[in-house]
Structures are given as structure tokens and as C-alpha cells.
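Read the structure below first, then the notes.
The values are calculated or read from the model by the stated rules, or taken from the named source; none is laboratory data. None of the values given here were measured: they were computed from a predicted structure. Cβ placement follows ideal geometry from the backbone for every residue including glycine, while neighbour counts extend to all protein chains displayed.
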Amino acid sequence: MKRIVTLVSGRGTNMQAIHAASLQQGWPAAVVGVVSNRPGAAALDYAAAHGIATAVVDHRSHASREAFDEALAETVQALDPDLLVLAGFMRILGAGFVRRFEGRMLNIHPSLLPSFPGLHTHRRALEAGCKAVGATVHFVTAELDHGPIVMQSVVPVRPGDDEHRLADRVLATEHSIYPLAVRWFVEGKLRIEGQRVRQADGASQVLM
Ligand code: GAR
């Protein structure tokens, strides 16, 4: 059984989708821990209610980014993960932390990377006049919201959309593509070749 540990900062609907899919689809893996940098994150309540170990590493109680990263790495390591899944985790991780888990750490970002890394992605996409937006699951590298892309979803922009409506429609697709990408990882189906990620069965890596 592969061990999945998720890092969260908020409500954790992506984490919930991954947890539910792992059970419903009988993955050779289990979500064994949910670690939050925010003490009040709703994701922690879900985890506790489902018998998943929880931990909080509050970034405000650490004097520097390095100290936070070190405490986080210790907490995560104690859960002995095969895969680290960032699911709405809103802190930037330092290069040391990334190196420690590189190749076994995934993130989801609510844009079609490499467009719109960082915050307020939907607002920026609307301002730029994009006709389609989406979400990206990628391996985490030291560069923020970069790293080899595993899967993307594409969502058309409709007349009258605002950033909240777009965010809702993109989030619904996140709940499909993130569990699928995580499943591929735990089943050993992902091959990283430079900047590209190949799915071993040739499955489509885009949800339209
Ligand atoms: C999701 O839309 C995710 O893509 C985004 O935060 C939301 C978390 O929702 N992540 C980022 O912006 C990371 N840069 P959730 O807590 O309900 O999964």
C-alpha cells in the first residue's frame, strides 16, 4: 500500500476527492495524513472524521521560511510518504524541501500552466481575454507553479463569467483530473522525461 500525504491550507475539496476515489476505486494506496499550515483549515475536520492522521505546522510560529520548511519536512517524513500531494497548499516551499521530495510531490494549480502562475489566476485570465482556462496537475520543482505537467483540464470561458463562476467550473474539473493523476502515480504509470510526463498506457492527459 503506497502512502499518500496531503498538504493543505483550506477547505481541501481536492484532498477529499482523492481520498474518496482511493476508497471507491480500490487504489493500491491510502491517504494516511493531512498536514495543514493553518490551524483552522476545514480539511482537518474532514480528515479527522475519516480517521486520517492530521498535523498542523503553523507558518506563523516559525521565524523564517527555512525553519518552517524544516518543521514541515519533519512532520511529513514522520508519516513516511511515498507521495506528497499539495492540495490547495498556499505556502511557497523552499528548494531544500522540494529537493527532499522531488519526483514524488504533485501540485494542482488553477490555470493552464505555464500561463498564470501565482495568485488570482481566474481574474487574470479574464482580464487577458482568454477564451479557455483550466487546471494543471504537475510535479513540483523549486520554481513556483512550474515542473513537468501530468494532466490539464480545459474549461471554456462563457459570456458573463466572473472569476467566481470560472473558479467553480474549474474546481469541478480539478476533482476529476487530480484523483486520476494521483492514481497514475501510485500505479507507477507516470514517466518523467525531461519536462514531459508520459502516461505509460497512452491515456489522454487532457480533460476537455
Ligand atoms: C484549488 O482551486 C487549487 O487549484 C488551488 O486552490 C484551490 C484549493 O481548493 N491551488 C492553488 O491556487 C495553488 N497555487 P481545495 O482546498 O478545495 O482543494
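The set of residues from region 108-121 being farther than 14 Å from LEU93 by Cβ, near the ligand (Cβ under 9 Å from one of its atoms) and crowded, with 18+ Cβ neighbours inside 10 Å comprises ILE108, PRO110, SER111, THR121. Given the structure, is VAL133 within 14 Å of the ligand (Cβ to nearest atom), among the aliphatic types (A, V, I, L, M) and assigned to a helix (DSSP H, G or I)? The answer is no for VAL133. Are there any pairs with C-beta distances below 8 angstrom linking a residue in region 74-88 that is at positive phi to a residue that is assigned to a loop (DSSP other than H, G, I, E, B) and surrounded by fewer than 22 Cβ atoms within 10 Å (Cβ to Cβ), with the two at least 6 apart or on different chains, and if so which? Pairs that qualify, where the first residue is at positive phi and the partner is assigned to a loop (DSSP other than H, G, I, E, B) and surrounded by fewer than 22 Cβ atoms within 10 Å (Cβ to Cβ), are GLY88/SER9; GLY88/GLY10; GLY88/ARG11. HIS164 meets all of the listed conditions (1) surrounded by fewer than 18 Cβ atoms within 10 Å (Cβ to Cβ); (2) of a type outside the set (A, V, I, L, M); (3) not in a helix (DSSP H, G or I) but one, namely (3). Strands (runs of 3 or more DSSP E) wholly in region 30-115 with at least 2 residues that are modelled with pLDDT under 95 - which ones? In region 30-115, no matching strands (runs of 3 or more DSSP E) lie anywhere.
Scanning region 140-166 for residues that are within 30 Å of ARG65 (Cβ to Cβ) and in contact with a strand residue (DSSP E or B) (Cβ under 6 Å, 6 or more places away or on another chain) gives VAL140, ASP145, GLY147, PRO148, ILE149, VAL150, MET151, GLN152.
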